[in-house]
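Chemist: Have a look at this one.
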Amino acid sequence: MAEEKVSRRDFLLYAMGAWAAVGVGGVLYGMYKTWEPLPEVKAQATVTFDISTVQPGEIKVANWRGKPVFILRRTPDMTQCKDRSIKDEYTVVLGICTHLGCIPNWEADKKIWHCPCHGGEYDACGKNIFGPPPRPLDVPPFKIEGNNIVLGEEGPEYKQMKEKGLTA
Amino acid sequence: MKELKILLILVVIVLVGYWGIEPYAHSVMHGEVKHPDYEYKDIPKNIPTTGDPAKGKELFTANCASCHGVKKDGINPGMDANAAIASFKVVPPDLSNIGAIVDEHFLAYFIKNPQDATKNPKFAMPPMAQLSDEDVGNIVAYLKSIEKKDLDGKEITIEACGRCHSIKYQKIEAVTPKDALKDYLGKVPPDLSVMGKAKEIEYLESFINNPQNGLPGTSMPRLGLTKEATEKVVTYLDKIADPHRDQRNALGVWVLGYLVVMAGLTFAWKKKIWKNLH
Amino acid sequence: MKFMDWLDERLAVRQLIKVMLTEYYVPKNINFLWSFGVLVMLVFAILVVSGIFVLMYYKPDANLAFDSVNKTIMMDVEYGWLFRHTHAVGASIMFLVLFVHMARGIYYGSFKAPREIVWITGYILFVLMSATAFTGYLLPWGQMSYWAAQTITTLFEKIPFIGPDLVIWIRGNYIVEDATLTRFFALHVVFLPLLLIVFTAIHLYAVRIPGSNNEDGIELTKEEKKHGKGIPFWPVFMAKEFFVMSVFLIFFFYLVFYQYKFAMDPINFTPANYLQTPTHIYPEWYFLAFYEVLRGFFFSQNLGLIAFVLSMFIAAFLPWLDTSPIKSGKYRPIYKILFWIFIADFVFLTILGKLPPTGLYAWLGFAGSLVFFAFFLALPILSKIEKKKVAGGR
């Protein structure tokens, strides 16, 4: 008799505890959601850039998610690259050294990117040609819409490159 | 039983207090909100509101287009915004949609006597006394012939209020710059981003219908909006001020449901534990 | 169980649980009004948690505060509106719960010996909570926030000699401005909550020593409570407490979701403007009664101010005003009448506090203020009468 009572009490206590845990879970979910980036931040997730404004030999920097994206229009005297370029003469790479994350500088006379931190060098295609960088400069997700490139969205061209492992 | 009695006393005290500080006190403070008068009864209705739109367009080009454009019909105003501010302290509106949002009798009378129609003696537009009643009828007919039929709340709000009011949270800037507005109206008109929360819906409808209803002596002009346009503006202001209302109402049901179950469980446990007392 | 043994060896948890919960006895003859102490703790916890989450997006700057509250928190942050509604309604309901908690203490004589320290620390907590509410109310930087701070800080001007300088010192400016906002912010989120926690600890410790009072006001020894006249705090008392908490939370979240306007005044959705006072300004409802005492002496501003300060603090002296040997109002017929007149008067003053102080309302406010003080002044007289009665053997 007494034991039965205890177990019944326990069952209710456990049920209460479980139900309270559901509530705590709900509250934690709400708290979790409050830490998500604000709409104005999310609006920066994609950036549209008109690549036709870049003159041959010129390099422009787009700000995408707080990171620099180099948009270079190559001239014939620069390194050519069939595989890392969709629109023939353009190189679009994330301007962050794959070694330790510094921002490489374009050296116009040598036509290479040179990283000030540890001397890593990349050619006009973004391929690592000297120093510690383990791989070429990353290609950001992009989608081509006429003359515009939309950074942050994965278009069919980007997906193809990604499949071939050319984006990183 | 005793506990229920105590609870009852508590509930009565709370309800009396609530009634006193909310519905009762607010009714004493604010009094009755005047009903909006969408027929604009004080406005003479003898000026015709129909006529020949083609003639109206000619008259418009000759008499109005130095300040007002009608973008939709390819008419550009004779002066740009800066020139307009220099002479009127406010940017005159483009009139493409004016026929859709303003009452026609109000519009006709307004053309002849803007200061009286808007209840604002300092209203910037000069009276078009040179126009005959028939001319006015033709112009009104013209403006009505080009109007867009179904403007939504946001469009109407921008057309009707956006000349002077900003809606910062919606990234809508007043057409007229702040300094000019201060010069024109005496102060910068308030931002409308959360106006839907600052004022009751009935108040807003009555106020937009005739600002003198809510703030006697205010320099905000009466705009002569139709009932439909007024309601759309107020609905829009209400919606942007409280964008999460649907989410809140839906979530509230879940939270309260959860707590009712919790109350049931805790009550059962309390019964069980307390049964063995005495 | 092994883990419990391990902990017990180091922290004596078994003993602690016994002392604090399973062998801490609460009298059996108490009603659900005794649950309101734990409800205060619950609301305080809700305020702290919701406060932390609104704090993550709030910006204490006169140029940014209004938008950070009404745009960022209320519109942009996922569930930000929920945390703000909870915080605003929580602050308001905190005072409802506190008032019930205090009124229960007054009715059943819980402030009397040997519980004076419980009453005094409780009263300090009430004052601290008022200060927390007042400083927090400025933070959204709306019209009501601003003018509440402006008018209440102006009250200090009446203090002889130092008043005018003191006001400027408190504001850090000639008017309520950015400096005021920032310091109120610091007080609201750090200093006052810390003090609240410290005094809560003292309050709880103090109540453990004599134990809870009861409906009859007759002290029970621990032995009496252990053998039939009491119930252990855990699980018996808490079993009831959980139910009371659940019902309270239904009420609370109903307000949060559907009836929040009383805690978030429409006037406060207009940004602060130091050049324009709103047509109607009034404090939050929980200060209305005291505010009405301030206005009640409408013929003399100085008298009103003295009365206002007195009304805020006079209840702290209850243990010395009411020295009757009979504790519980249950056995004090005259006290019962006085108590209910006082409660009715408090509600009356609260309602009047929101009405315009003109004509009849002004006189009613004056009368209500006198009744408010009459209650406290009648207590020493009543105590004498009751002392005689008891000495005369009933």
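Chemist: Using the Karplus equation 6.51 cos²θ - 1.76 cosθ + 1.60 (θ = phi - 60°), what ³J(HN,Hα) coupling, rounded to whole Hz, does each residue of the range A:143-160 give in order, writing x for Gly and Pro?
Modeler: Here the 3J(HN,Hα) series is 9, 9, 10, x, 7, 9, 10, 9, 7, x, 10, 8, x, x, 5, 5, 4, 4 Hz.
Chemist: Residue C:117 to residue A:40: FRET efficiency via 1/(1 + (r/R0)^6), r the Cβ-Cβ distance, R0 56 Å, to the nearest 0.05?
Modeler: That pair, residue C:117 with residue A:40, gives E of 0.60.
Chemist: Something else about it: With a 1.4 Å probe and all protein chains left in place, how much of the accessible area of the protein assembly as shown comes from carbon and sulfur atoms, in whole percent?
Modeler: Taking all protein chains in place, the protein assembly as shown shows 65 percent carbon and sulfur surface.
Chemist: At 7 Å along the Cα-to-beta-carbon direction for both residue B:87 and residue C:313, put a label point, then send me their distance in nm to one decimal.
Modeler: 6.9
Chemist: What do you reckon, how do C:317, C:161 stack up by accessible area (1.4 Å probe), largest on top?
Modeler: My answer, sorted largest first, is C:161, C:317.
Chemist: Turning to a different aspect of this structure: Simple spin-label model, 7 Å along Cα-to-Cβ: residue B:54 to residue C:218 in nm?
Modeler: 10.6
Chemist: At a probe radius of 1.4 Å, what is the per-residue accessible area of residue C:86, in Å² to the nearest 10?
Modeler: 10
Chemist: Got a sec to turn the phi values of the range B:17-32 into Karplus ³J(HN,Hα) couplings, 6.51 cos²θ - 1.76 cosθ + 1.60 with θ = phi - 60°, whole Hz, x for Gly and Pro?
Modeler: x, 4, 4, x, 8, 9, x, 5, 4, 5, 5, 5, 5, 9, x, 6
Chemist: Rounded to a whole number of µm²/s, how large is the Stokes-Einstein D of chain A at 25 °C and 0.890 mPa s, given Rh as the Kirkwood radius over C-alpha pairs?
Modeler: Roughly 128 µm²/s, to the nearest whole number.
Chemist: Around residue C:289, what is the net charge, scoring Lys/Arg as +1 and Asp/Glu as -1 over all other residues with Cβ under 12 Å from its Cβ?
Modeler: -1
Chemist: Can you send over the solvent-accessible area of residue B:79, 1.4 Å probe, protein chains only, in Å² to the nearest 10?
Modeler: 50
Chemist: Compute the accessible area of each residue in the range C:324-366 twice, once for its chain alone and once with every protein chain present, using a 1.4 Å probe on heavy atoms, and list those whose area falls by at least 20 Å².
Modeler: C:340, C:347, C:351, C:354, C:355, C:356, C:361
Chemist: Once you charge only the Cβ atoms, +1 for Lys and Arg and -1 for Asp and Glu, what is the size of the charge dipole of chain C about its Cα centre, to the nearest 20 debye?
Modeler: With only Lys, Arg, Asp and Glu charged at Cβ, the dipole is about 1460 debye.
Chemist: Mind checking the angle between helix B:133-146 and chain B's longest principal axis? C-alpha axes, 0 to 90 degrees, to the nearest 10.
Modeler: 60
Chemist: Moving on to the next point. For chains A and B, what's the summed buried accessible area, probe 1.4 Å, to the nearest 100 square angstrom?
Modeler: Approximately 1100 Å² gets buried when A meets B.
Chemist: Ranked by accessible surface with a 1.4 Å probe, highest first, in what order do B:165, B:35, C:85 come?
Modeler: Reading off the accessible areas and sorting them downward yields B:35, B:165, C:85.
Chemist: Please go through the residue pairs B:34/C:158; B:271/C:387; C:240/C:387; B:72/B:154; B:89/B:112 and name each one whose alpha carbons sit more than 30 Å apart in this structure.
Modeler: Those over the limit are B:34/C:158; B:271/C:387; C:240/C:387.
Chemist: With each run of n ≥ 4 DSSP H residues scored as -39500 (n - 2.57), what mean residue ellipticity at 222 nm is computed for chain A after dividing by its residue count and rounding to the nearest 500 deg cm²/dmol?
Modeler: Helix contribution divided over all residues of chain A: -9000 deg cm²/dmol.
Chemist: In square angstrom, what is the accessible area per residue of the range A:1-146 with a 1.4 angstrom probe?
Modeler: Roughly 56 Å² per residue, with all protein chains present.
Chemist: Let me ask something additional. Using the Cα centre as the reference, give the magnitude of the dipole from point charges on the C-beta atoms of the protein assembly as shown (Lys, Arg: +1; Asp, Glu: -1; all else neutral), rounded to the nearest 20 debye.
Modeler: It comes to approximately 3660 debye.
Chemist: What translational diffusion coefficient, to the nearest whole µm²/s, does the protein assembly as shown have by Stokes-Einstein, given a Kirkwood radius computed over alpha-carbon pairs, a temperature of 10 °C and 1.306 mPa s viscosity?
Modeler: In µm²/s, the coefficient rounds to 48.
Chemist: Does anything in the range C:156-184 have its amide N under 18 Å from the 7 Å Cα→Cβ label point of residue C:194, and if so which residues?
Modeler: So the set is C:182-184.
Chemist: Let me ask another. Chain pair C, B: how much accessible area is buried, both chains summed, with a 1.4 Å probe, in Å² to 100?
Modeler: Counting protein atoms only, the buried area is about 4900 Å².
Chemist: Sticking with this structure for a sec: Å³ per residue of the Cα convex hull, for the range A:85-168?
Modeler: 96
Chemist: When every alpha-carbon pair in the range C:93-156 is counted, what percent end up more than 15 Å apart?
Modeler: 61
Chemist: Go through C:200, C:340, C:21 and say which Cα lies farthest out towards the positive end of the charge dipole of the protein assembly as shown; charges sit on Cβ, +1 for Lys and Arg, -1 for Asp and Glu.
Modeler: Going by the charge dipole, the pick is C:21.
Chemist: Next up: Ignoring ligands, DNA and RNA and using a 1.4 Å probe, state the total buried accessible area between A and C in Å², rounded to the nearest 100.
Modeler: 1100
Chemist: Taking the range C:36-75 as the region of interest, what is the percent of Cα-Cα pairs per 10 angstrom bin, listed from the shortest bin to the one with the maximum distance?
Modeler: For the range C:36-75, the binned pair fractions read 30, 36, 23, 11 percent.
Chemist: From Cα pairs below 8 angstrom and at least 6 apart in sequence, can you work out the relative contact order of chain B, rounded to a whole percent?
Modeler: With pairs under 8 Å counted, the relative contact order is 20 percent.
Chemist: Take every Cα pair under 8 Å in chain A that's 6+ residues apart, average their separations, divide by the length, and report that relative contact order as a whole percent.
Modeler: Worked out over chain A, it gives 17 percent.
Chemist: Which one, A:130, A:54, A:80, is farthest towards the positive end of the dipole of chain A when Lys and Arg carry +1 and Asp and Glu -1 on their Cβ?
Modeler: A:130
Chemist: For residue A:79, list long-range residues whose amide hydrogen, built 1.01 Å from N in the peptide plane, is under 5 Å from its own amide hydrogen.
Modeler: Close amide H contacts, sequence-distant or interchain: A:124.
Chemist: With all protein chains present and a 1.4 Å probe, how do B:232, A:42 order by accessible area, largest first?
Modeler: A:42, B:232
Chemist: Tabulate in residue order the Karplus-calculated ³J(HN,Hα) for the range A:13-19, using 6.51 cos²θ - 1.76 cosθ + 1.60 with θ = phi - 60°, rounded to whole Hz; enter x for Gly and Pro.
Modeler: Result, ordered by residue: 4, 5, 4, 4, x, 5, 5 Hz.
Chemist: Further, regarding this structure: How much accessible area per residue does the range C:197-267 have, counting only protein heavy atoms and a probe of 1.4 Å, in square angstrom?
Modeler: 45
Chemist: Taking amide H atoms as placed 1.01 Å from N in the peptide plane, list the residues 5 or more away in sequence, or in a different chain, whose amide H sits under 5 Å from that of residue C:142.
Modeler: So residue C:142 has HN proximity to C:272.
Chemist: Now, a different point. Taking a probe of 1.4 Å, how large is the accessible area per residue of the range B:178-278, in Å²?
Modeler: Here the residues of the range B:178-278 average 48 Å² of exposed surface.
Chemist: Here is a further query. Would you work out the charge dipole size for the range C:171-252 about its Cα centre, treating the Cβ of every Lys and Arg as +1 and the Cβ of every Asp and Glu as -1, and quote it to the nearest 20 debye?
Modeler: 180
Chemist: While we're on this one: Could you pull out every residue, at least 5 positions away or on a different chain, whose amide H is within less than 5 Å of the one on residue B:102? Hs are placed 1.01 Å off N in the peptide plane, and Pro or chain starts have none.
Modeler: The answer is B:226.
Chemist: If you don't mind, there's one more thing I want to ask. How large is the accessible surface of residue C:8 in square angstrom, using a 1.4 angstrom probe and rounding to the nearest 10?
Modeler: 40
Chemist: At residue B:170 and residue C:16, where each label point lies 7 Å from the Cα along Cα→Cβ, what is the point-to-point distance in nanometres?
Modeler: Distance between the two pseudo-spin positions: 5.7 nm.
Chemist: Follow-up question, since we're still on this one. In square nanometres, what is one fourth of the surface area of the convex hull spanned by the alpha carbons of the range B:32-241?
Modeler: Computed as one quarter of the Cα hull surface, the answer is 10.9 nm².
The values are calculated or read from the model by the stated rules, or taken from the named source; none is laboratory data. None of these values were measured; they are calculated from a predicted model. Neighbour counts run over all protein chains shown; Cβ positions are idealised from the backbone, glycine included. Accessible surface areas use protein heavy atoms only, side chains included; no ligands, DNA or RNA. Shrake-Rupley method; radii C 1.70, N 1.55, O 1.52, S 1.80 Å.
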